[in-house]
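Below you'll find the structure, written out as structure tokens, and then a few comments.
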Amino acid sequence: MSNLKQKHIGLLLFFFALTSFFACAHQQSIDPKDTDVEVWEIKLSGQTEGKLEMLMKRVEIGEGMYSIIGKISGTIDDHRGGFGEADFKFKGKIENKIFSAHLGGRSDMAEGPSSIVGKMNGTVEMLQGSGHWAMSHALGSSTGKYVMVKLR
């Protein structure tokens, strides 16, 4: 195969890979104006307290089973980090009203910025949900409970 053909094939493969990447990234974007995006208010209690907004998109993968992605942001007050803002992305599932999500993101607290990883587990109905959460951050970990109410 000539060197010119190899370059054209390589360029074509690169273009295809780039297009596929942006198509996948676009599918996972969360736009609050999108009618498929659910808007929830979450109230945290425990070692971190706060009121946050959750944008969630769910895709049915079976009867009573959904794959979920989204983002959570808002103001929190942590027992170690103090007062500040948090911004997370999450992915998970809802199976027979059981909610399970893994989170990752950042916070900008009185004690400084931090990367955060965590999880939320509980139950979710059509308009409300509740459960437990746990987060790990630069100053240690925090746990507690949450309640959420669907706004839209």
Quiz item: If you go through segment 81-100 one residue at a time, do you hit one that is in contact (Cβ under 8 Å) with a residue 40 or more places away in the chain and over 17 Å from the mean Cα position of the chain (by Cα)?
Solution: yes
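With respect to Ser29, is the statement that it is among the hydroxyl-bearing types (Ser, Thr, Tyr) and at pLDDT 95 or above true?
In short, no.
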Quiz prompt | So Lys51, is it over 30 Å from Ser142 (Cα atoms) and either modelled with pLDDT under 95 or surrounded by 10 or more Cβ atoms within 10 Å (Cβ to Cβ) (or both) | solution = no
Self-check item: Enumerated strands (runs of 3 or more DSSP E) restricted to segment 74-152, each holding at least 1 residues that are surrounded by 13 or more Cβ atoms within 10 Å (Cβ to Cβ) and of a type in the set (Phe, Trp, Tyr)
Solution: 82-95, 98-109, 128-137, 140-150
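The values are calculated or read from the model by the stated rules, or taken from the named source; none is laboratory data. Bear in mind the structure is a predicted one, so any value in this text is a computation, not a measurement. Note: ideal-geometry Cβ built from the backbone for every residue, glycine included; neighbour counts use all protein chains shown.
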